1. Can you tell me which residue among 19, 5, 100, 60 is in a helix (DSSP H, G or I), out of contact with any strand residue (DSSP E or B) (no Cβ under 8 Å at 6 or more places or on another chain) and either surrounded by fewer than 10 Cβ atoms within 10 Å (Cβ to Cβ) or modelled with pLDDT of 95 or more (or both)?
2. Scan region 71-97 for residues that are touching a helix residue (DSSP H, G or I) at 6+ places or on another chain (Cβ under 9 Å) and closer than 15 Å to residue 141 by Cα and report the count.
3. Would you mind listing the helices (runs of 4 or more DSSP H) fully within region 106-196 where at least 2 residues are surrounded by 16 or more Cβ atoms within 10 Å (Cβ to Cβ) and in contact (Cβ under 8 Å) with a residue 12 or more places away in the chain?
4. Has region 83-91 got at least one residue that is surrounded by 10 or more Cβ atoms within 10 Å (Cβ to Cβ), part of a helix (DSSP H, G or I) and at pLDDT 95 or above?
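The values are calculated or read from the model by the stated rules, or taken from the named source; none is laboratory data. All values derive from a computational prediction rather than experimental measurement. Neighbour counts run over all protein chains shown; Cβ positions are idealised from the backbone, glycine included.
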C-alpha cells in the first residue's frame, strides 16, 4: 500500500484548507449612485441654463406681446423671426389658461422619472441623453410658469403661408428627448438585444 510522505503536499484541498469566499462588494455610496447618472444631470443643467439664458435675452430685448414684421427681430426674412409671446398652455397652445395644472403635471412627471429610473433604463447612455434633454426642457418651462405664470416663447418660423407654432429651447429639448427615447426603446435597444 502506497503512503504519501509527511512533507508531500496533499493531492487535493480539504474543506478545512479551502480558499475563503470573497466578501460581497459593499453597496455603492450615494456619490457613486449619483455619478451613474452624470450624463443625464449634465444635459439637464445644460438645457435648463441655455433655455433660461435665451429667454432672459429675449425679455431684455422685446416687450411681451412682440409679434409681427414690425415688432420682432428678423433673422431670415420671411422665414425666421425672434418674437416674445407668452403661452399659458402646452405645446401648440393646448390647454390654454391651465398654467397651474401644467406646472403640477411637470412636477409629477419629474417625480415619476426619478421613481422609475431603473425601469426606464436610465443607466444607458442614450437613455440619459434623451431624458437629459427632456428633464432640462420640463424644468425650464416649469420655472417660467412659476415666475411669469406663462411660458416664454420666442422662436417663430414661417413656411410660406404656414406659420409654425412659436416655441423655445425647452420645447425643443422635450420634443427631441421624447423622439430619441422612442427610437432607443423601439429600434436601437431591440437591435442590441437581438445581437447578443
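1. Checking each option against the conditions leaves just 60.
2. The first filter runs over region 71-97 and keeps only residues touching a helix residue (DSSP H, G or I) at 6+ places or on another chain (Cβ under 9 Å), leaving 73, 82-84, 86-91, 95.
Filter again for closer than 15 Å to residue 141 by Cα, leaving 84, 86-91, 95.
The qualifying residues number 8.
3. In region 106-196, the matching helices (runs of 4 or more DSSP H) lie at 125-148, 169-183.
4. Residues of region 83-91 that are surrounded by 10 or more Cβ atoms within 10 Å (Cβ to Cβ), as a first pass: 83-91.
After this cut, where a residue has to be part of a helix (DSSP H, G or I) as well, the list is 91.
If we keep only those that are at pLDDT 95 or above as well, we get none.
Checked region 83-91: no residue is surrounded by 10 or more Cβ atoms within 10 Å (Cβ to Cβ), part of a helix (DSSP H, G or I) and at pLDDT 95 or above.
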